[in-house]
Structure formats: structure tokens, C-alpha cells
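Beneath this line is the structure, given in C-alpha cells, with notes to follow.
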Amino acid sequence: MSAVDFDLRLIESAAAAMALVSVRFLGLFLALPLLSFRAFPLALRIAPVLLLTLAVAPSALPSPSQLQQLGLLTVGSELAIGVVCGLALRLAMLAVDFLAESVSMHAGFSFAQTVAPETALPSTMLGELLGMALLATLFATDVHLLFIERIANSFAAVPFGAWPAGWDLPAVLGLMASAFSIGLVLSCGSFVLYLFTNFMLAVITRISPQLNLMSVGFSISAPLALLVVALVALQLPALAELIASAALNFVDRGLTNAR
């Protein structure tokens, strides 16, 4: 083998590594809730992707046999790996959406959706509030750096063109079950609180039938919703840790145990 052939293969290997590494990181930056805001310009996402690629690509050079097997499917799988990592956190955050919809339904914020679900839009006021607060907490605890670290260390366990064997249907269902269980536990407090409130309103209405149950009930249930949100806000760091742990466990199952 001549020196020219060796240099060409080295250049091809470096170029392929940089392209595929950048695609995997780009998938993460496109799907991770902390980094995929619409207000976050795509150019500002590409800049850290390029910096991370320059740091990681020298240690992820494909072998000559792998270089011959690279193609569009490889690029697609690399992009999908990054996207799935980002969607794992988004899926785990459904616990907050479950809590928000539960409180909105009990407090009467989603009354229009309950009465006419085919014509009314879902109430997202509490969902947006809790979601943004949770994102701020996750960002403050550097969860986005943990996902970037997982991607940077994943090229040894998941080579180019391979798909993580741990990302199967049971793993996805387990992540969804974890999000549902967290949301259900969070909602239990509001269930008990509003059950007691509705029972007291029923007793009051039975004693004084002339009272307008709708006006009186809403004036009580709306402040209770704010109380529930305040109680959840006190435990927001612990909630963020549970959600991040569920998502990171799913990511680790695929990126560290793949064969």
C-alpha cells in the first residue's frame, strides 16, 4: 500500500467520522426539549454540534470494513439515535402533562373540553407553567450535559450503522409506564383534595339549594389549583430528578449495553 492510498483512506475515514458524529449530535439537539426551542436558531445549534464533533470524531474513526458499508441508511440511523435520546426526556416529561390535565379538569380550567371535546381545545395553561418550570429546573441541574455526555461516549458501544439493541418495545413501554406512574403519584394529592372539596360542596348544596353550585364551586376549586401547583413547585427538584433518571436509564440501556 502506497503512502497516497493510506492518506486517502485516512482522509475518507476522518471525513466519514466527522459527518456521522455530527449527525448523531444534531439529532439530539433537534429533539432534546432543553435545546429544541423554536426561539433557539438552528445556526446556534449547529455551532456546538461542530465543536463536539471536532472533540469526539478523532476517537470514533471507522475501520476500512465499516467505511465500505456506510450509506444513507447509516446516516439515517445516526440521526435516529440522537432523536430518540432527545425524545426519551420528552416522553418522561409526560408525567407533568398528566398532572396538569388532571388538575385542570378538577379545577374547571378545562370545562369547555369536558363539555364539548370535539369543538374545544385542551387547556394547557397549567401544563405550560409546570412544563417551563420543569425545563428550567432540568437546565439548572445540567441534565442536558448528561445527555451530551451519553452521546459522546456512545460510539464505542454503538458503532456507525448499528442500532442499540436495548431500545426495544419493552424499554419504550417501561419508559411510558414510568412517566404514567410518576404523573399518577403526583395527581393523587389533587384527587384527594378535590374529592373532599366536592363532597363538602355537595353537603352545602344539599343544605342550601338556592346556592349556585357552579359559581361557588369554581371560586373554591380555582384557588385550590394554585395551591396544588405551589405544593408541586416545592418538590420540583425531586420531580426533575425522577424524570431525568427515567429518561437517562432508557438512554443508558441502549447506548451502554448495545452489542
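Table for the structure above
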quantity: Selection of chymotrypsin sites (Phe, Trp or Tyr not before Pro), segment 14-60, meeting DSSP coil and at most 16 other Cβ within 10 Å; calculated: 37
quantity: Part-to-part distance (alpha-carbon centres) for segment 227-259 and segment 16-65, which is given in Å; calculated: 24
quantity: Highest to lowest packing among 93-103, 238-248, scored as the average C-beta count within 10 Å; calculated: 93-103, 238-248
quantity: Cβ-based net charge around residue 97, under 11 Å, with every Lys or Arg adding one and every Asp or Glu removing one; calculated: -1
quantity: FRET efficiency for residue 256 and residue 226, using Cβ-Cβ distance with R0 set to 45 Å, rounded to 0.05; calculated: 0.60
quantity: Peptide ranges 198-208, 170-180 listed from the most packed, as the mean C-beta count within 10 angstrom indicates; calculated: 170-180, 198-208
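FYI, it's all coordinate maths here, none of it is from the lab. Note that the coordinates shown come from a computational prediction; the quantities given were computed from them, not determined experimentally. Heads up, the Cβs are rebuilt from the backbone with ideal geometry, glycines too, and the neighbour counts pull from every protein chain shown.
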